[in-house]
Amino acid sequence: MRMESKTKPYFAAIIFQITFAGMSILSKAAFASGMNTYIFIFYRQALGTLLQLPLTIIFKRKEVSCLSVGEVCKIFMLAFLGRTLTLNANGIGVNYTSATLGSAAFNIVPVTTFFFAFIFRMEKVNMRKASGMAKVGGILLCIAGVAVLAFYKGPYMKPFFNYHLFQTHQKSHLSNSNKTWIIGCFMLLIASILIGFWFVLQALVMETCPSPLVLTCGQTLSSAIQSFVVAIAVERNPSQWKLGWDIRLIAVLYCGIVVICIGNYLSCWVIKEKGPVFQAVTTPLNLVMTLVGSQFLLSDGVSLGSIIGAVLLVLSLYSVLWGKSKEKSCDNTESKNQESVSNPPEKEIAIHI
């Protein structure tokens with residue numbers, strides 16, 4: 001049975017969140033093994049480019065040849081904001097905190113996406129209605145969740161399982177200083193803000209660059225070049241650039257093949273079909289999958305502060321989503337009333353014989 005076109009965006013968004021959950025877990029394991037975050041990001045972007053570029057040339061040759069200089073510059077800047085800066089900030093944040101907290105921070109993305117969509121007049125807020133108050137309340141809950149994640153740890157909850165596939169050997173919740181933890185939370189916040197801005201800018205660029213494959217490939221190629229410049233400037237030790245048959249190679253292969261080639265393409269496609277805010281609807285699934293996966297695969301536990309902060313972020317997400325759904329239903333009702341007023345129903349004439 002073929003999947004209906006209406007359900008495809010939902011399915012694609014769910015797959016996107018699952019792939020990103022795997023990225024958080026494997027990235028944390030690679031960083032815990034001693035891999036440099038900047039080198040890791042370059043390798044994953046380079047691998048994604050090698051896989052995407054031939055497919056784009058074969059199937060979208062005409063679209064590539066029709067790109068103007070302005071569109072190429074837009075794609076390059078999109079890659080810098082949404083890939084290079086975001087991935088490096090997220091990598092540092094996950095390295096300084098945990099995979100679970102990295103996924104929890106993604107729950108900020110819907111709120112930041114809505115904020116930038118409001119600035120670009122893609123969304124609206126009416127404080128006189130319940131929908132507008134729900135949106136503003138969601139933003140306040142988001143701020144509270146970020147504050148709890150950054151400044152409150154609480155009791156440390158050990159993993160439910162004693163044996164894990166990947167041993168991190170650094171219980172970051174315990175060993176990292178408060179300063180390092182706050183820096184990690186701040187970098188995760190920066191990454192979430194950049195992703196929200198990136199989603200909105202992608203929606204604008206997609207109006208002139210309609211092919212998700214061309215946009216994805218162009219950003220991956222640009223990000224690979226940018227990430228190499230960053231990595232070579234930060235780390236020049238040849239031993240750090242070597243890959244062996246270990247978790248580092250697994251993480252690079254997963255992120256380069258699954259996340260970049262599949263996840264990022266699905267992200268562009270969903271944004272094109274449903275808009276930037278819809279992309280963020282399934283974000284809590286990322287946190288759930290990462291939390292479950294971390295219990296099985298990593299030796300990291302979860303702090304009480306992380307759980308409370310994650311709950312506040314999920315509540316902020318659904319507060320904004322409820323406001324959007326309420327606003328949409330009200331708009332539909334008003335449009336129907338206007339149509340009924342402008343086009344009144346014809347009076348029935350009864351004919352008695």
Residue order for Lys135, Lys242, Lys272 - accessible surface, 1.4 angstrom probe, largest first: Lys242, Lys272, Lys135
Considering only DSSP states other than H, G, I, E and B, which chymotrypsin sites (Phe, Trp or Tyr not before Pro) in segment 185-273 qualify as loop sites with at most 10 other Cβ atoms within 10 Å? Trp245
Sparse-neighbourhood loop sites, trypsin sites (Lys or Arg not before Pro) in segment 58-126 - DSSP loop, at most 11 other Cβ within 10 angstrom: Arg121
Quick one: what are the phi-derived ³J(HN,Hα) couplings along segment 49-66, Karplus 6.51/-1.76/1.60 with θ = phi - 60°, whole Hz, x for glycine and proline? 5, 4, 7, 7, 4, x, 5, 5, 5, 6, 9, 10, 4, 5, 5, 5, 5, 8
Let me know the charge dipole size of segment 1-154 about its Cα centre in debye, to the nearest 20, where only the beta-carbon of Lys, Arg (+1) and Asp, Glu (-1) is charged. 400 debye
Rounded to whole angstroms and listed largest first, the alpha-carbon spread of segment 1-107 along its three principal axes comes to 44, 40, 22
Divide the volume of the convex hull of the Cα atoms of segment 206-267 by its number of residues and quote the answer in cubic angstrom per residue. 90 Å³
Estimated inter-spin distance, Tyr10 and Glu71, nm [label 7 Å along Cα→Cβ]: 3.3 nm
How much length is gained if the chain between Trp322 and Ile119 is pulled fully straight, taking 0.36 nm per residue apart and subtracting their Cα-Cα distance, in nm to one decimal? 71.1 nm
Rg from C-alpha atoms of segment 49-88, normalised by the globular rule of thumb 2.2 N^0.38 Å, equals 1.33
Rounded to whole Hz, the Karplus (6.51, -1.76, 1.60) HN-Hα couplings of segment 78-91, x for glycine and proline: 4, 5, 5, 6, x, 10, 5, 5, 5, 5, 5, 5, 5, x
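The values are calculated or read from the model by the stated rules, or taken from the named source; none is laboratory data. None of the values given here were measured: they were computed from a predicted structure. Neighbour counts are summed over all protein chains in view; Cβ atoms, including those assigned to glycine, are modelled from backbone coordinates with ideal geometry. Just so you know, the surface numbers come from the protein's heavy atoms only, side chains and all, with ligands and any DNA or RNA stripped out. Shrake-Rupley method; radii C 1.70, N 1.55, O 1.52, S 1.80 Å.
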